[in-house]
Amino acid sequence: MVTGVKGGPLRAHVLGAAWRSARLTVGRPDLHYHDLRHSSNVWSTAVGASTKELMRRLGHASPAAALRYQHATDDRDRVIADAMAKLQPLAPVVPISSQSGTGVARRTQADGTS
């Protein structure tokens, strides 16, 4: 995934020094290298990656492991709500109570059948 300047494997001390420098530069010395993996996969779920896709990306054998990266966020909740709002009914909803007295609504098809 990450290579040295000559294209070979990156030595651990080189990666460690670069990571240390990056954390200090952004003022977050508390971050761990694994936080990059976690963030990447949280963002993957936010853009719609399925559990199976996460499992493949992360190399997990179980859905339980992949689910650790699926967090609910206000931003994602808004995206879901907006997408649901775009789902327009294809036909009017007719209350059954007006036809059968049950008080349950049902969707009718364009030709009037249900």
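The values are calculated or read from the model by the stated rules, or taken from the named source; none is laboratory data. These numbers were taken from a predicted model, which means no experiment stands behind them. Note that each Cβ is placed from the backbone with ideal geometry, even for glycine, and that neighbours are counted across all protein chains shown.
Only one entry in W19, W43 is within 19 Å of V2 (Cβ to Cβ), loosely packed, with under 12 Cβ neighbours inside 10 Å and free of Cβ contacts under 8 Å to residues at least 40 places away in the same chain, namely W43.
Of all residues in the stretch 53-74, those being over 29 Å from W19 (Cα atoms) and touching a residue at least 12 places away in the same chain (Cβ under 8 Å) number 1.
Filtering V79, V94 for residues that are aliphatic (A, V, I, L, M), in a strand (DSSP E or B) and at pLDDT below 85 leaves a single hit, V94. What do you reckon, is G103 touching a helix residue (DSSP H, G or I) at 6+ places or on another chain (Cβ under 7 Å), outside any helix (DSSP H, G or I), modelled with pLDDT under 90 and not acidic (D, E)? Taking the combined requirement at face value, the residue satisfies it. Each residue in the stretch 26-39 was checked for being in contact with a Lys or Arg (Cβ under 8 Å, 6 or more places away or on another chain) and either part of a helix (DSSP H, G or I) or surrounded by 12 or more Cβ atoms within 10 Å (Cβ to Cβ) (or both), and 1 pass. Each residue in the stretch 2-25 was checked for being of a type in the set (V, I, T), out of contact with any Leu (no Cβ under 8 Å at 6 or more places or on another chain) and outside any helix (DSSP H, G or I), and 1 of them qualify.
Scanning the stretch 60-86 for residues that are more than 18 Å from D35 (Cα to Cα) and β-branched (V, I, T) returns V79, I80.
For the stretch 51-70, the condition holds for at least one residue, the condition being that it is among the aliphatic types (A, V, I, L, M), surrounded by 11 or more Cβ atoms within 10 Å (Cβ to Cβ) and either at pLDDT below 75 or out of contact with any Leu (no Cβ under 9 Å at 6 or more places or on another chain) (or both). Checked against (1) at pLDDT 85 or above; (2) under 28 Å from W19 (Cα atoms); (3) in a helix (DSSP H, G or I), T45 passes all but a single condition, namely (1).
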